[in-house]
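What follows is a single structure, written as C-alpha cells, with notes after it.
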Amino acid sequence: MTSDDTAAPDDTAAPGLIPAPREVTWAGPGQGRYPLDGATVLSAAPGTEGVARWLRATVGAATGLPLADGTEGPRVELALDGTLAPEAYGLVVDAEAVRITGGSAAGLFWGAQTFRQLLGPDAFRRAPIAPGRTWHVPAVVVEDEPRFSWRGLMLDVSRHFLPKDDVLRYLDLLAAHKLNVFHFHLTDDQGWRVEIKRYPRLTEAGAWRSRTKYGHRASELWDETPHGGFYTQDDIREIVAYAAERHIRVVPEIDIPGHSQAAISAYPELGNTDVIDTTTLSVWDTWGINPNVLAPTDNTLRFFEGVFEELLDLFPAATSPFIHVGGDECLKDQWKESPTAQARIAELGLKDEDELQSWFIRHFDSWLTARGRRLIGWDEILEGGLAEGAAVSSWRGYAGGIAAAEAGHDVVMCPEQQVYLDHRQDGGPDEPMPIGYVRTLEDVYRFEPVPPGLSEEAVRHILGTQANVWTEVMQNRSRVDYQVFPRLAAFAEVAWSSLPAPADRDFAGFDARMTDHYARLDALGVDYRRPGGPLPWQRRPGILGRPIEGAPPVV
C-alpha cells in the first residue's frame, strides 16, 4: 500500500495517519483489532525506557491503563532494531501483541506517536472520559522513515511572549506531528526573552515594552497594556530537557547585529553612539525593520561572547548543536554614518558595510566552532561572503538556499512565500489581522523543500525544512494556534513523508485524513482554523493587516 493510502478499511474504524507513513498494510476483513485493557502490560527492552515513560505519562493518562511492566499476556512491546535507520520505526499489530521497534530511541518514539494515533482521538486527552473502557488497535503493519533529518518549527516569542507552559505545550504538538527541531527565536527589537546573569538589564529592562502596536504597523491602533516576560535559566533548562525527552532539538536564536533594539535599550553602549543618542531608546513597540543595529566594536563582540557563553551552558551540544545568530534585515545606514564603523571597515580592509556584517558573523562562526557548535543564520549572511562552517535558513524564497547549497553549505528551506504560517490562510474579510500571502492548507501541502535543478551534491546539503511563525499579530496562545493549525499538519507530512511532485500530490486523500486529525486537535485543545473559516471569537474586525493580493512566489 502506498504512503498516500493511509486510511484503514471501514471494518477497522482506524484513523487516517498524519504524516503519511512510507508503507502501511492493513489486515484483511475479519482479521480484527487488538484489545487493550487493564491487563495489558508494557514490555520495554533496554534502551527504550524513555519511550515507555512517555507512553505511560500520555497514553496511559488518556486511557486510564496502567501499562505495568511485563512480558507475558496482552502487551505492547518496545525494542530497538539496529538494522533500521536512527529515526525509522516499524509497528506491527496482530493477534499476539502490539510491537513497536525503532532504529534508535527517536525512531521508537515516532512509532509510539503512530500507535497513539491508531488508538483514536480520545488517546490525545489528558484523562479518560470513559473509565474501564476497552481500547482497540487495528491490525496493521507500518514501516516508516522520515525524508528529512531537519523537520522544524520556528516560534517567535519576542514580538509576543508565550509563557513557559505554552512553550512546553508546543513541544508536545511538534512531537505529535513527528517534528524534531524547535527554533526558539528569543530576542528581537521588541523584547529580550532569556535570562543572562552577567547582563541582568537584558531582562530587567529589555524584556518589557510600555505598549504594543495593534495590527500591522500601518494601523492607528495601540494596545496600551505593558507587555513582556522572559524565561529564567531554569525555565530554559526545563524546556530543553522536555524537548530532549521528545527527541526534539532546540535551536536558540540570538538575533545579531540587527533586530537588536531591546538589547541596546538595556545597554546603550552596544549601539552606534557616534550616530544617535542610544540612551533615549526603549524596547520597540511597533513592527518592521529597525534602523538601530549593533556597533561593530570590540566591546560589542565581548558582550555577545558573554551572552553566548551562558547560552551554550543552557543549550547543551548534544541537544542543540546549532546556534542561530539571526543576521537578517540589518540596515546599514548607521554604519555608513558612523566614524567608528568606517574606521573598522578601513582597519580590516573590507570593501563595504555588507562585508562588515560578514566579518561580524564570521567572528561568531569561528567562536562557536571552537566550542563545538555550528552557526546558522538567515540567508542575508550570504551577503559579503558566507562564514566557512555556517548553515543557512533560506527564508527569502529559494534563491539563498540554492546559492548556499551549491557552494557547499548546509541549508534549511523555509521560504516566506510557502511556509510562513503567520501569513493568512484565506483571502476573506473575516481573517483576523490578515498578513502576507494567502497560503491555504493545500498550498502548504504542495510545498516542495528541494528546488528543481539542484546538483546531486547540492541536494545532499538540504538538511530539511522548517515552518516559521512570527508573532507580531499573535497576542496569545489561541492566536498562535489559529495561524499554525491545521497547516502545520500539512507541513509535517511534507517534511516527513516521501511525497510525489507537488502537482501530483493527493490533497483530496490528505484532506480526508484530516477529518480524523481535526478530532485529535480538538482533543488536544488546539484553537485551529476550521475548514469553514474563523469562528466568531477568532475574528478581528476592523484591525488593519497587510494583505498582498495576487503576489507571485519569489524564487
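Numbers below:
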quantity	calculated
Selection from the stretch 378-400 of residues that are buried (at least 22 other Cβ atoms within 10 Å of the Cβ), in a loop (DSSP other than H, G, I, E, B) and over 22 Å from the mean Cα position of the chain (by Cα)	386, 387
Residue list for the stretch 136-169, restricted to those being crowded, with 20+ Cβ neighbours inside 10 Å and closer than 24 Å to residue 317 by Cα	146, 148, 150, 151, 152, 153, 154, 155, 156, 157, 158, 167
Residue match in the stretch 342-350 (condition: of a type outside the set (A, V, I, L, M, F, W, C) and touching a residue at least 60 places away in the same chain (Cβ under 8 Å))	no
Residues being over 30 Å from residue 285 (Cα atoms), touching a residue at least 40 places away in the same chain (Cβ under 8 Å) and among the aliphatic types (A, V, I, L, M) - total across the stretch 472-511	8
Matching entry among 353, 383 (being of a type in the set (D, E, K, R), in the same structural domain as residue 187 (by TED's automatic domain parsing) and closer than 24 Å to residue 462 by Cα)	383
Checklist (1) closer than 30 Å to residue 478 by Cβ; (2) in contact (Cβ under 8 Å) with a residue 60 or more places away in the chain; (3) touching a strand residue (DSSP E or B) at 6+ places or on another chain (Cβ under 6 Å) applied to residue 413, failing item	(2)
Total residues in the stretch 452-463, condition assigned to a loop (DSSP other than H, G, I, E, B) and either surrounded by fewer than 18 Cβ atoms within 10 Å (Cβ to Cβ) or at pLDDT below 95 (or both)	4
Of residues in the stretch 232-265 being part of a helix (DSSP H, G or I) and of a type in the set (Gly, Ala, Ser), the one nearest to the chain's Cα centre (by Cα)	243
In the stretch 74-127, the residues that are of a type in the set (Phe, Trp, Tyr) and under 19 Å from residue 145 (Cβ atoms)	89, 109, 110, 115
Selected residue [surrounded by 15 or more Cβ atoms within 10 Å (Cβ to Cβ), among the β-branched types (Val, Ile, Thr), closer than 30 Å to residue 212 by Cβ and in the same structural domain as residue 183 (by TED's automatic domain parsing)] from 323, 345, 289	323
Condition met for residue 101 (touching a Pro at 6+ places or on another chain (Cβ under 6 Å) and hydroxyl-bearing (Ser, Thr, Tyr))	no
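A quick yes/no check of all residues on (1) among the β-branched types (Val, Ile, Thr); (2) in a loop (DSSP other than H, G, I, E, B); (3) under 26 Å from the mean Cα position of the chain (by Cα):
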{"residue": "87", "(1), (2), (3)": "no, yes, yes"}
{"residue": "99", "(1), (2), (3)": "no, no, no"}
{"residue": "107", "(1), (2), (3)": "no, no, yes"}
{"residue": "127", "(1), (2), (3)": "no, yes, no"}
{"residue": "130", "(1), (2), (3)": "no, yes, no"}
{"residue": "137", "(1), (2), (3)": "yes, no, no"}
{"residue": "146", "(1), (2), (3)": "no, yes, yes"}
{"residue": "152", "(1), (2), (3)": "no, no, yes"}
{"residue": "159", "(1), (2), (3)": "no, yes, yes"}
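The values are calculated or read from the model by the stated rules, or taken from the named source; none is laboratory data. Just so it is clear, the model here is predicted, and its values are computed rather than measured. So basically every Cβ, Gly included, is an ideal-geometry build from the backbone, and we count neighbours across all protein chains shown.
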